[in-house]
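The values are calculated or read from the model by the stated rules, or taken from the named source; none is laboratory data. Quick caveat: nothing in here was measured; it's all calculated off a predicted structure. Backbone-built Cβ (ideal geometry, glycine too); neighbour counts: all protein chains shown.
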Amino acid sequence: MPLIRRRSWLASRLAVTARNSGAMVIYVVVGFQLGYPEVSRQNSVFSSLKVAGVLATGDPTAEIYPELTPQPGDVVVTKQRVSAFTGTNLDMILRSNNIDTLLLTGILTQGVVLSTLRHASDLDYRAVVVADGCSDNDPEVQRVLMEKIFPFQARVATVEEIIGALP
């Protein structure tokens, strides 16, 4: 099984277990309006997506993997920046539901997961980074983040450890 598919399978398992324990499952997706009005030329990360024509409304690249399809009661937040908090209503949703602990999974660990973790920490959330639910193009960057950087602001655990700790 390719690594990205394995990670999405693990994330799916975690989502099912979290739902069954009464936790809210929130998906954060990248999505732009047609024409990319949210993307500045000065934004080196997202201006390349605009040039490539990906992650716009209706584009297949903006879809959630089928094995991770949101279920009734799940929440989908759309973002246009690296952190899941910047420019979204994620913080409002979490606070409105008295959520203070986050389980973070995602692709591009050095971008999305790192930025979201730092932002969550600054907002006083507790966080657990799900090591085998994250993926990066660079295995060495992935290792350094999980072993040396993330433990400074979060607990790092595997899907199996988290499933074993949920009620």
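Could you tell me how many of the residues in the stretch 90-114 are more than 10 Å from the chain's Cα centre (by Cα), of a type in the set (Ser, Thr, Tyr) and part of a helix (DSSP H, G or I)?
1
Go through the stretch 128-167 residue by residue and tally those that are crowded, with 18+ Cβ neighbours inside 10 Å and more than 24 Å from Glu67 (Cα to Cα).
Result for the stretch 128-167: 5.
Mind listing just one residue for me: the one in the stretch 68-89 that is in contact with a Gly (Cβ under 7 Å, 6 or more places away or on another chain) and in a strand (DSSP E or B) and, of those, farthest from Val39 (Cα to Cα)?
Thr78
With the requirement that a residue be part of a strand (DSSP E or B) and either farther than 20 Å from Arg81 by Cβ or in contact with a His (Cβ under 8 Å, 6 or more places away or on another chain) (or both), what does the stretch 117-159 give you?
Answer for the stretch 117-159, where residues must be part of a strand (DSSP E or B) and either farther than 20 Å from Arg81 by Cβ or in contact with a His (Cβ under 8 Å, 6 or more places away or on another chain) (or both): Arg126, Val128, Val130, Ala131, Asp132, Gly133, Arg155, Val156, Ala157.
Within the set of pairs 6 or more residues apart or between chains, which connect a residue that is within 18 Å of Leu10 (Cα to Cα) inside the stretch 142-158 to a residue that is of a type in the set (Val, Ile, Thr) and part of a helix (DSSP H, G or I) with Cβ atoms less than 9 Å apart?
That search, which allows pairs on different chains as well, returns Gln142/Thr109; Met146/Thr109.
Can you tell me which residues in the stretch 25-40 are closer than 23 Å to Leu108 by Cα and either assigned to a strand (DSSP E or B) or touching a residue at least 12 places away in the same chain (Cβ under 8 Å) (or both)?
Within the stretch 25-40, Val25, Ile26, Tyr27, Val28, Val29, Val30, Gly31, Phe32, Gln33, Tyr36, Glu38, Val39 qualify.
Which condition number does Thr109 fail, the rest of (1) in contact (Cβ under 8 Å) with a residue 40 or more places away in the chain; (2) in contact with a strand residue (DSSP E or B) (Cβ under 7 Å, 6 or more places away or on another chain); (3) closer than 23 Å to Ala165 by Cβ being met?
(1)
Look at Leu103 and say whether it is in contact with a helix residue (DSSP H, G or I) (Cβ under 8 Å, 6 or more places away or on another chain), closer than 20 Å to Asn20 by Cβ, crowded, with 18+ Cβ neighbours inside 10 Å and at pLDDT 95 or above.
Spelling it out, Leu103 is indeed in contact with a helix residue (DSSP H, G or I) (Cβ under 8 Å, 6 or more places away or on another chain), closer than 20 Å to Asn20 by Cβ, crowded, with 18+ Cβ neighbours inside 10 Å and at pLDDT 95 or above.
Could you grab the pairs with beta carbons closer than 7 Å, sequence gap of 6+ or different chains, first residue in the stretch 124-135 and at pLDDT 95 or above, second one buried (at least 22 other Cβ atoms within 10 Å of the Cβ) and of a type in the set (S, T, N, Q)?
Val130/Thr105
Go through (1) out of contact with any helix residue (DSSP H, G or I) (no Cβ under 6 Å at 6 or more places or on another chain); (2) at pLDDT 95 or above for Leu34 and report which single condition fails.
Tallying (1) out of contact with any helix residue (DSSP H, G or I) (no Cβ under 6 Å at 6 or more places or on another chain); (2) at pLDDT 95 or above, Leu34 fails exactly one: (2).
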